[in-house]
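Report on the structure given below.
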Amino acid sequence: MKHYDNVFDLLKDRGLVAQATDEEAIRELLGKEKVTFYVGFDPTADSLHVGHFLQLIVMRHLQEFGHRPIALLGGGTTMVGDPTGKTDMRKMLTQEEIQHNADRFKEQMSKFVDFSDGKALMVNNGDWLLNLNYLSFLREIGVHFSVNKMLTAECFKTRLEKGLSFIEFNYMLMQSYDFLKLAREYNCKMEFGGNDQWSNIIGGVELNRRCDKREVYGMTFTLLTTREGKKMGKTEKGAVWLDPEKTSPYEFFQYWRNIDDAEVQNCLRLLTDVDLDYIDSIDTTSGSAINVAKEKLAYELTSLVHSKEEADKALNTARALFSGAADTEHMPSTTLEESQLTDGKIGLLSLLVATGLASSNGEARRLVLPGSVSVNGEKVTDPTFAVTAEMLKKGVVLKKGKKVYHKATL
């Protein structure tokens, strides 16, 4: 495996760097001193998801080279909501909801970033944003922002047609102010984020220059997207979460095991420590080589996010199901209540909805009719088929399509 003296070279080689305010200066700084940098996370949900994962991997790489990460939790910015990449305004959360979510983020981040002995900091921008004096903020910070220039930023452009609220328009000022505060209090010299944060990051770099004549830097990372440009980390059930209660380790494993063939090398490069020579040598024309690579990707990421033990369980379950073996112990499952049965049975369409394999009876019917659903290994094409209580007590294995398995019990 190649040895790196500078983390910037590792990030470049793995294809993580998208844009930088000054690549040469950033590389030089990361090579000559221990740099304090920050990445912001708005706690809009009670778990981190796959979209956050790449940022955590970057923080981990930088920390391994001796640099100090600041994980900035958006206790203040979440009250406003980032308009970036959104077609509609975010749901307003209460301070209590935001605090609860922030506490969960802290817990999950500690798996990837070492917060012991000041090696990394966790800071909440609510500490300075929630009690701001609005007039003072406008005079000190707002005066440095040109509305004309802001309206050309990509994060606002997409919202102008549907309508951009004034509260969201303040988001760039607040994120820029975060960088100014962290630079002043912690000598933070760099802000990193997803490539969709480019305009906000530049805002912070320029604000530091204008207010304090301080030279700071910004860099964005490749967004985890498919070849079609869609963000990865979404399934029919919604986001792929890092919390095992929201996305089980087996479902997490299966998400990566089932990604498109064209994405596997890129995901191995961006998200794992797997040797680049191995990744480049994968024969993309060979189905078996691609499958081995996908299994490796799923195993590595499940080990990192959950544990090696959970990765082993998920791998064994996936292999057992593929070979037709009956080990279903670690498969995603749903336990039904007696009240969901009528006369000791439940219709297959209702069962597919109850287990989350279909969003409605109509969708369930569209799956069953062409033979896309199997019950205990038998293909079922009759939408009136029912599963009995006796079958459920033993455990019923549902299969949707070629790859999605789910166990229903009573």
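Annotations
- For K393, the lysines whose Cα falls under 22 Å of its own Cα, not counting residues fewer than eight places away in the same chain, are K345, K379, K407.
- Cross-link reach list, aspartates and glutamates versus K32, counting only Cα pairs under 12 Å and skipping chain neighbours closer than eight places: D5
- Residue pairs exceeding 29 angstrom between C-alpha atoms, taken from K308/K399; K34/K234; K2/K234; K2/K34: K34/K234; K2/K234.
- Distance (nanometres) between label positions extended 7 Å along Cα→Cβ at D127 and A25: 2.7
- Size descriptor, Kirkwood hydrodynamic radius, that averages inverse alpha-carbon separations across segment 129-255, Å: 17.0
- You can think of it this way: the chain between E215 and K393 has 57.5 nm of extra reach, that is 0.36 nm per residue less the Cα-Cα gap.
- P(r) for segment 7-221, from all Cα pairs and a bin width of 10 Å, is 8, 35, 39, 17, 1 %, short bins first.
- The chain: Rg to Rh, with Rh as the Kirkwood radius over Cα pairs: 1.02
- The distance between label points at D114 and R366 comes to 5.1 nm (points 7 Å beyond Cα on the Cα→Cβ vector).
- For the chain, calculated [θ]222 nm from helices alone, where every DSSP H run of n ≥ 4 adds -39500 (n - 2.57): -13000 deg cm²/dmol
- Choice from Q95, Q175, Q340 with maximal GNM fluctuation in the chain (Cα, 10 Å cutoff): Q340
- Simple spin-label estimate for K2 and T225 gives 2.5 nm between the two label positions (7 Å along the Cα-to-Cβ direction from each Cα).
- Annotation for segment 329-410: GluC sites (Glu not before Pro) lying in DSSP loop with at most 15 further Cβ atoms inside 10 Å of their Cβ are E329, E337.
- Eigen-decomposition of the gyration tensor built on the alpha-carbon atoms of segment 248-322 gives equivalent ellipsoid semi-axes of 20, 14, 10 angstrom, largest listed first.
Throughout, read-outs are computed from the coordinates displayed, never taken from laboratory work. A quick note: this is a predicted structure, and the numbers were derived from the prediction, not measured. Every residue, glycine as well, gets a Cβ built from its backbone with ideal geometry; the counts of neighbours run over all protein chains shown.
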